[in-house]
Amino acid sequence: MLASMQTQFEKHFETKPDVAAFAPGRINLIGEHTDYNGGYVFPAAIELGTYGLARKREDRTIRFYSLNFEEKGIISFSLDDLDYNADHSWANYPKGMVKFLIEAGYKIDSGFDVIVEGNIPNGASLSSSASIEMLTGWLMKQLFNLDVERLELIQLGRKVENKFIGVNSGIMDQFIVGMGQKDQAILLDTHTLEYHYVPTEFGDYTISIMNTNKRRELAESKYNERLEECQKALALLQQELDIEALGHLDVETFEKYAHLIEDETIRRRARHAVTENARVKEAYDALAQSDFERFGELLNQSHASLKDDYEVTGKELDTLAESAQNVDGVLGARMTGAGFAGCAIALVHQSKVKDLEDEVSRIYTDKIGYAPSFYHVNIGDGVKTIEL
Ligand code: GLA
């Protein structure tokens with residue numbers, strides 16, 4: 001991919017790139033919609049991701065070109081005008097990153113040209129947006145010799161989502177894209193940002209990614225709605241409980257005080273946040289003990305909770321996860337990421353991967369009217385430099 005990108009760089013920008021980088025996508029094993037509730041998440045970076053090449057310019061023009069959106073052409077703007085602009089479509093993600101790096105005091109004092117190409121399926125909830133944000137941060141670090149730590153890039157990437165794009169997401173995606181390591185998942189406490197690496201050793205089992213191939217629509221507005229519902233629940237519980245986040249509640253205490261939340265829908269949202277958080281900790285223990293069956297059960301419970309209590313699945317994700325759960329050799333399956341569309345994951349015996357694909361494909365196509373896709377990818381590194 002890099003060789004053809006270099007050719008394209010020279011074709012469009014009439015010069016050679018100086019630096020190159022790669023930023024991965026991610027899956028989340030378990031711990032969904034817990035990150036903006038101060039809870040645990042358990043994601044891993046994947047070997048699919050976004051590649052970027054960049055070169056400094058003499059003037060103050062910034063140009064971005066994506067080989068995934070060639071129809072958008074070269075998107076160009078000035079270093080002196082870094083406001084959000086809907087016409088700049090995908091380039092708003094890197095633009096936001098540049099803007100916030102400068103606002104944080106980092107010296108980006110000339111324009112530059114960037115070409116990107118990714119192999120994360122678009123809109124698949126595998127974090128293509130965090131990938132492009134972190135890629136941009138890393139390219140800027142290299143190009144302008146910025147003395148910026150990974151954690152700061154992670155926080156700036158999240159700020160781009162929250163303050164530039166308008167999605168009030170948590171820190172999970174940028175964190176794993178920034179900190180991922182080969183064959184390791186990260187157990188992250190999103191409240192303290194304490195984390196540690198956990199080998200993704202599933203014995204004879206492997207993770208399959210299944211894509212609904214449904215275009216994600218309205219996901220962002222529903223996402224913000226869920227966040228607001230959780231905030232309402234928290235405020236009601238705080239009338240009697242001294243807690244800073246839903247992620248600080250154990251299931252028992254929550255059930256004892258749940259009556260404070262009169263609205264049944266809001267109560268279910270909070271229940272998901274609390275029970276999901278408990279499941280992450282249990283899943284971590286199960287993996288440490290190589291208890292893959294238990295890990296699989298927790299995946300199934302997570303999906304059910306996201307479906308019934310949190311209502312972020314939809315018939316496509318339910319069909320994928322639930323049909324996978326019934327395949328012989330599958331220990332568990334659940335949606336991954338924000339939900340509504342995008343991907344689900346399944347923990348499946350290595351010898352049954354083909355059966356899983358055939359069976360899920362048949363049921364899904366029959367019910368939904370078009371086919372799902374499947375990916376088998378390794379767990380890979382976080383954002384990194386690529387030597388040219
Ligand atoms: C999206 C957000 C994350 C997280 C997940 C749901 O991926 O970007 O911060 O909230 O949804 O777990």
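Annotations
- Considering only residues in the range 62-83 that are under 25 Å from the mean Cα position of the chain (by Cα) and of a type in the set (Phe, Trp, Tyr), the one that is surrounded by the most Cβ atoms within 10 Å (Cβ to Cβ) turns out to be Phe64.
- The range 134-191 - residue that is among the charged types (D, E, K, R) and within 13 Å of the ligand (Cβ to nearest atom) and, of those, modelled with the lowest pLDDT: Glu161
- Just one of (1) in a strand (DSSP E or B); (2) more than 11 Å from the ligand (Cβ to nearest atom); (3) not hydroxyl-bearing (Ser, Thr, Tyr) fails for Ile27. It is (2).
- Among the residues listed as Asp263, Asp309, the single one being in contact (Cβ under 8 Å) with a residue 40 or more places away in the chain and farther than 23 Å from Gln184 by Cβ: Asp309
- Pick from the range 30-61, criterion hydrophobic (A, V, I, L, M, F, W, C) and within 11 Å of the ligand (Cβ to nearest atom), ranking: surrounded by the fewest Cβ atoms within 10 Å (Cβ to Cβ): Phe42
- Taking strands (runs of 3 or more DSSP E) as the structural unit, those lying wholly within the range 53-158 and holding at least 3 residues that are without any contact (Cβ under 8 Å) to a residue 60 or more places away in the chain and farther than 22 Å from Gln174 by Cβ correspond to 61-66, 75-78.
- Odd one out for Ser302, checked against (1) over 19 Å from the mean Cα position of the chain (by Cα); (2) hydroxyl-bearing (Ser, Thr, Tyr); (3) surrounded by 24 or more Cβ atoms within 10 Å (Cβ to Cβ): (1)
- Residues in the range 336-368 that are open to solvent by 60 Å² or more (accessible area, probe 1.4 Å) and either closer than 24 Å to Lys315 by Cα or among the aromatic types (Phe, Trp, Tyr) (or both): Lys354, Asp355, Asp358, Glu359, Arg362, Asp366, Lys367.
The values are calculated or read from the model by the stated rules, or taken from the named source; none is laboratory data. Computed from a prediction, not measured in an experiment: that's the story for all the values here. Cβ atoms come from the backbone with ideal geometry, glycine included; neighbour counts cover every protein chain shown. When the accessible area is computed, the model is the full protein with side chains, heavy atoms only, and any ligands, DNA or RNA have been set aside. Shrake-Rupley method; radii C 1.70, N 1.55, O 1.52, S 1.80 Å.
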